[in-house]
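Comments concern the structure below.
The values are calculated or read from the model by the stated rules, or taken from the named source; none is laboratory data. Bear in mind that the values here come from a model prediction, so they are computed numbers and not experimental data. A quick note on method: Cβ atoms are made from the backbone with ideal geometry, for glycine too, and the neighbour counts reach across all protein chains shown. Ligands, DNA and RNA are stripped out before the accessible areas are found, and what is left, the full protein with its side chains, is counted by its heavy atoms. Shrake-Rupley method; radii C 1.70, N 1.55, O 1.52, S 1.80 Å.
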Amino acid sequence: MISEKDFITSNYTLSVDNGDFIWSAPSNIALVKYWGKKDKQIPANPSISFTLNNCKTITKMAFAKKENDRDFSFDLLFEGKPKEDFKPKIQKFLERIFEYCPYLKDFHFTIDTENTFPHSSGIASSASGMAALAMNIMSLEKKLCPEMTDDFFFQKASLLARLGSGSACRSVKGEVVVWGNHAEIKDSSDLFGVEFPSAVHANFKNYQDTILLVDKGEKQVSSTVGHDLMHDHPFAERRFTQAHENLSKIKAVLENGNVEEFIKIVESEALTLHAMMMTSMPYFILMKPNTLEIINAIWKFRNETGIPVCFTLDAGANVHVLYPEYTKEKVLEFIKSKLVGYCQNGQYICDEIGHGAMSI
Ligand code: PMV
């Protein structure tokens with residue numbers, strides 16, 4: 001079995017002096033949620049997600065060989081302008097991945113990053129951002145180790161992204177990604193995300209995700225603190241077992257196309273994630289009144305029309321509305337007429353399943 005040691009690159013030649021790369025990486029939305037982790041961002045349970053298409057981070061990384069290789073050296077730009085407050089996060093990321101990428105101190109980096117979604121929309125850019133940066137670093141590593149296989153390139157990119165932000169490891173590939181050991185998913189690993197190994201049923205092709213921006217405020221609780229609260233959580237063990245069970249169930253559903261069953265698993269997972277937050281110590285509620293208004297409106301619409309639309313939630317108040325492509329027109333009409341009023345400044349983002357990181 002592949003282990004962390006296999007990703008430590010020690011044989012490389014400093015054969016390039018300078019250059020640059022540009023990668024885009026998308027956000028992803030979990031269907032079975034990751035909540036709770038061990039040391040080094042090892043997940044307490046396996047998770048599965050749809051990779052998104054439109055919510056992306058685009059990162060350009062220029063590198064230049066330097067003499068003094070004692071410390072990391074980088075400039076960080078956001079939309080072309082220096083952004084000092086992002087630097088500590090990147091510094092920490094470089095420190096964490098250094099044991100796998102010892103060449104990082106041999107170069108000065110200029111990292112220029114931008115998001116396709118509105119700034120401070122409440123959409124976390126950590127998954128797409130860390131994935132885009134990890135891809136650039138692997139492009140550099142490929143220059144230093146040209147014999148590298150594609151499999152290694154993508155696995156290590158996912159592993160590095162994981163060390164930046166756990167769920168980021170699911171943003172490297174598409175369309176459906178599993179992260180965390182699971183008995184029924186071949187080659188699944190706690191170290192990196194893998195593409196869902198079976199063919200996904202046509203019912204889920206181009207599945208739509210409209211993100212309703214309910215609250216754009218700063219997160220009350222960081223995801224690091226949230227994950228930590230699963231350590232002494234009274235329901236943790238049962239929850240981790242349930243995630244394994246739900247992954248088995250959703251695996252069958254993605255293969256057989258049973259959208260009714262998909263809805264049950266996905267909505268239950270979203271509410272379970274929030275139930276874990278509400279039952280930790282300290283406890284907290286990240287949903288807002290409008291989150292509940294939207295959930296109730298979706299249930300009413302589904303009951304009245306039979307259209308298989310459902311919701312999921314991240315660690316925040318925003319609602320992801322998931323629906324098959326063939327229902328798009330009717331669901332968008334419903335969103336515009338009934339749900340937009342619950343969004344902050346009427347804002348929402350139309351997205352759909354995508355294919356993972358891309359070199360530009
Ligand atoms: O990647 P993190 O550490 O920010 O954790 C995110 C966890 C959830 O978004 C709440 C669930 C998930 O699986 O993406």
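Observations
- A count restricted to the stretch 212-249 and to residues that are among the β-branched types (Val, Ile, Thr) and either more than 20 Å from the chain's Cα centre (by Cα) or away from the ligand (no atom under 13 Å from the Cβ) (or both) stands at 2.
- Residue 132 being of a type in the set (A, V, I, L, M, F, W, C), more than 14 Å from the ligand (Cβ to nearest atom), within 25 Å of residue 77 (Cβ to Cβ) and under 13 Å from the mean Cα position of the chain (by Cα): yes
- When 193, 174 are checked against the criterion of being under 29 Å from residue 258 (Cα atoms), under 12 Å from the mean Cα position of the chain (by Cα) and more than 13 Å from the ligand (Cβ to nearest atom), 174 stands alone in meeting it.
- Residue within the stretch 90-98 that is touching a strand residue (DSSP E or B) at 6+ places or on another chain (Cβ under 7 Å) and surrounded by fewer than 17 Cβ atoms within 10 Å (Cβ to Cβ) present: no
- When restricted to residues that are out of contact with any helix residue (DSSP H, G or I) (no Cβ under 6 Å at 6 or more places or on another chain), within 30 Å of residue 262 (Cβ to Cβ) and not aromatic (Phe, Trp, Tyr), the stretch 49-90 contains 5.
- Which listed residue is of a type in the set (A, V, I, L, M, F, W, C), at negative phi, within 16 Å of the ligand (Cβ to nearest atom) and surrounded by fewer than 20 Cβ atoms within 10 Å (Cβ to Cβ), from 2, 42: 42
- Residue match in the stretch 184-205 (condition: among the aliphatic types (A, V, I, L, M), touching a His at 6+ places or on another chain (Cβ under 8 Å) and either surrounded by fewer than 20 Cβ atoms within 10 Å (Cβ to Cβ) or not assigned by TED's automatic domain parsing to the domain that holds residue 43 (or both)): no
- Only a single item in (1) modelled with pLDDT under 95; (2) surrounded by fewer than 16 Cβ atoms within 10 Å (Cβ to Cβ) is not met by residue 149, and it is number (1).
- Residue selected from the stretch 301-345 under the condition modelled with pLDDT under 95 and not in a loop (DSSP other than H, G, I, E, B), by the criterion least open to solvent (accessible area, probe 1.4 Å): 344
- Residue list for the stretch 235-252, filter: in contact (Cβ under 8 Å) with a residue 40 or more places away in the chain and closer than 14 Å to residue 184 by Cβ: 243, 244, 246, 247, 248, 250, 251
- The condition (being out of contact with any strand residue (DSSP E or B) (no Cβ under 6 Å at 6 or more places or on another chain), over 30 Å from residue 210 (Cα atoms) and modelled with pLDDT of 95 or more) is satisfied by just one residue among 21, 63, 74, 7: 7.
- Residue match in the stretch 54-74 (condition: part of a helix (DSSP H, G or I), under 21 Å from residue 314 (Cα atoms) and not acidic (Asp, Glu)): no
- Scan of the stretch 5-39 for residues that are in a strand (DSSP E or B), open to solvent by 10 Å² or more (accessible area, probe 1.4 Å) and aliphatic (A, V, I, L, M), ordered by number: 22
- Meets criteria (of a type in the set (Val, Ile, Thr) and modelled with pLDDT under 95) for residue 224: yes
- Counting only residues that are open to solvent by 20 Å² or more (accessible area, probe 1.4 Å) and either without any contact (Cβ under 8 Å) to a residue 40 or more places away in the chain or assigned to a helix (DSSP H, G or I) (or both), the stretch 277-296 holds 9 of them.
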